[in-house]
1. What number of residues in the stretch A:48-68 are within 12 Å of chain B (Cβ to nearest Cβ) and assigned to a loop (DSSP other than H, G, I, E, B)?
2. Got at least one residue in the stretch A:106-115 being without any contact (Cβ under 8 Å) to a residue 60 or more places away in the chain, surrounded by 19 or more Cβ atoms within 10 Å (Cβ to Cβ) and in the same structural domain as residue A:45 (by TED's automatic domain parsing)?
3. Between A:100, A:145, A:157, which is surrounded by fewer than 20 Cβ atoms within 10 Å (Cβ to Cβ) and out of contact with any Gly (no Cβ under 7 Å at 6 or more places or on another chain)?
4. Taking the options B:195, B:205, name whichever one is exposed (fewer than 15 other Cβ atoms within 10 Å of the Cβ), within 8 Å of DNA strand D (Cβ to nearest atom) and within 26 Å of residue B:103 (Cβ to Cβ).
5. Could you go through the stretch B:120-142 and let me know if any residue there is more than 11 Å from chain A (Cβ to nearest Cβ), under 15 Å from residue B:51 (Cα atoms), more than 16 Å from the chain's Cα centre (by Cα) and not hydroxyl-bearing (Ser, Thr, Tyr).
6. Within the stretch B:127-168, track down each residue that is part of a helix (DSSP H, G or I), of a type in the set (D, E, K, R) and closer than 20 Å to residue A:83 by Cα.
7. Would you point out which residue out of B:44, B:98, B:63, B:30 is at pLDDT below 85 and of a type in the set (Ser, Thr, Tyr)?
8. Give me the pairs, please: first residue somewhere in the stretch A:198-212 and over 14 Å from residue A:162 (Cβ atoms), second residue anywhere and at pLDDT 95 or above and more than 8 Å from DNA strand C (Cβ to nearest atom), beta-carbon distance under 6 Å, and either six or more positions apart or on two chains.
2 protein chains.
Amino acid sequence: MALHQDSHLLAHDCADCPIRHRAVCAHCESDELTKLEQIKYYRSYQAGQTVIWSGDRMDFVASVVTGIATLTQTMEDGRRQMVGLLLPSDFVGRPGRSTAAYDVTATTDLVMCCFRKKPFEELMSATPHIAQRLLEMTLDELDAAREWMLLLGRKTAREKIASLLAIIARRDASLKSPRSSRGSVIFDLPLTREEMADYLGLTLETVSRQMSALKKDGVIELEGKRHVIVPSINSLMEETGDDTDGGFLV
Amino acid sequence: MALHQDSHLLAHDCADCPIRHRAVCAHCESDELTKLEQIKYYRSYQAGQTVIWSGDRMDFVASVVTGIATLTQTMEDGRRQMVGLLLPSDFVGRPGRSTAAYDVTATTDLVMCCFRKKPFEELMSATPHIAQRLLEMTLDELDAAREWMLLLGRKTAREKIASLLAIIARRDASLKSPRSSRGSVIFDLPLTREEMADYLGLTLETVSRQMSALKKDGVIELEGKRHVIVPSINSLMEETGDDTDGGFLV
DNA sequence: TTCCCTGCTTGATCTGCATCAAGGCAGATC
DNA sequence: GATCTGCCTTGATGCAGATCAAGCAGGGAA
């Protein structure tokens, strides 16, 4: 059974696929896949490069193949708020709109799989499955955004940091081994302190202080500035302020 | 030309309809409309009543016919964050999920047009137009949520209040006359101070103080606690911190 | 080796909003 | 009319996180 790892757009949960999470199964979708293959192309960006500026004309939609990108909004006076973190298989752009609503920036080296918007829209009208899959993904993103609203509006700085670490730990874990050694998780932060601050609605100084505090309290260990060891994912979760049943999204 | 005002779900912008904004035009959609008519039913709620609790089983999707409802999230210790405001024609619930993710509460008397989830999902697979319309609405909501993330993360209390008033003024205006007397807007707040606070990530005292401050500075006038007069929508917009070109959503 | 330069940490101080507390007002009930 | 109750306002005080300001660590260039 062939897997087309980079046409992430058609990703779905297919019980017959060896990779169930956001994998693409050719035997279910061969038609659409073929058509998608015909209109797709790749673009690469270096870490730090801007993919597109808010307000720019955007004549494509795309999905992330490898690397990490961010969506940010900026106010005239320079205040910045990150509103989305794009990881492999995440989708950018929206059918039916011609200009970008946010700045999209590559925070690591990035490869995107792009589709020109016009043919993509035509394909979408012709193949209902794509619209349904896109709806599903958009609803997930909406849930994540709302979870984030709770964080931004009501959580303390410490809870915000813990929540971000928990999210990264979780997503990282799901990309790699199905389960690392029970309870403990190790990962590299893909964001600078400033980017973390922009995501959490804090200043970079506060981020730094809270990271130090979590380290002092034994919730995390740091090797260098980016390499994080979480000895017990449960103690981290306790710091997030969330229900412990762990229904966290993103 | 017949209008089916309450099957809001199929709402779309039809150039031939007298009401272009989220109206339903029978001649475009007669088939789907007929099927939707067969599975729909109505429910009414009184102001203050809870429509559904987060975590409850939810075997329907629905759209608001009249009145206003809110989506809120609550932390164990009682901190609350509103994550959505549902106005007439807005959609609640999500195909493919069986439990509610948020508390849904009626803030005014409310009438909802409901569809049992199972037949609705079947209908959605059969009629691609519905999924596409739903996708469009969900993308709009996602944009609104992201706009709100900027507000929650980076705006001052005064900017938050001004932004909320601007949003209500705009939505209210679009429901009523196409254009009220150039520049000035009058409306009734559909929310208590506490609800405003939950929406804005503030306390009710801060909301009250900032409302008083805006009044003192002549940005708004108040008659009683709820009736708001905005003498100049432009001066209000200047207080929001947003770009003045006015691309505001929700 | 030295010198940057970028990203990070830590300290001192300030401030915007939360918190605690005390009324005020208008509509409902008796 | 008196009293109650829900909602709102205003004042006094406290504190979490912002702001201002140094200085450090590590990596790359010469």
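The values are calculated or read from the model by the stated rules, or taken from the named source; none is laboratory data. Predicted, not measured: the structure shown is a model, and the values here were computed from it. Please note: Cβ atoms are built from the backbone with ideal geometry, for glycine as well, and neighbour counts cover all protein chains shown.
1. At the first step, the residues of the stretch A:48-68 found to be within 12 Å of chain B (Cβ to nearest Cβ) are A:54-55, A:61.
Adding the requirement that they be assigned to a loop (DSSP other than H, G, I, E, B) leaves A:54-55.
Total meeting the criteria: 2.
2. Step one: list which residues in the stretch A:106-115 are without any contact (Cβ under 8 Å) to a residue 60 or more places away in the chain, which gives none.
No, the stretch A:106-115 contains no residue that is without any contact (Cβ under 8 Å) to a residue 60 or more places away in the chain, surrounded by 19 or more Cβ atoms within 10 Å (Cβ to Cβ) and in the same structural domain as residue A:45 (by TED's automatic domain parsing).
3. Details: A:100 fails: out of contact with any Gly (no Cβ under 7 Å at 6 or more places or on another chain); A:145 fails: surrounded by fewer than 20 Cβ atoms within 10 Å (Cβ to Cβ).
Going through A:100, A:145, A:157 in turn, just one is surrounded by fewer than 20 Cβ atoms within 10 Å (Cβ to Cβ) and out of contact with any Gly (no Cβ under 7 Å at 6 or more places or on another chain): A:157.
4. On the way: B:195 fails: exposed (fewer than 15 other Cβ atoms within 10 Å of the Cβ).
Matching residue, one of B:195, B:205: B:205.
5. Looking only at the stretch B:120-142, we keep the residues that are more than 11 Å from chain A (Cβ to nearest Cβ), and these are B:120, B:122-123.
Adding the requirement that they be under 15 Å from residue B:51 (Cα atoms) leaves none.
No, every residue in the stretch B:120-142 fails to be more than 11 Å from chain A (Cβ to nearest Cβ), under 15 Å from residue B:51 (Cα atoms), more than 16 Å from the chain's Cα centre (by Cα) and not hydroxyl-bearing (Ser, Thr, Tyr).
6. B:136, B:140, B:141, B:143, B:146, B:147, B:154, B:159, B:160
7. None of the other options fit; the residue is B:30.
8. Within 6 Å, the pairs are A:198/A:80; A:198/A:82; A:201/A:152; A:201/B:153; A:203/A:197; A:204/A:197.
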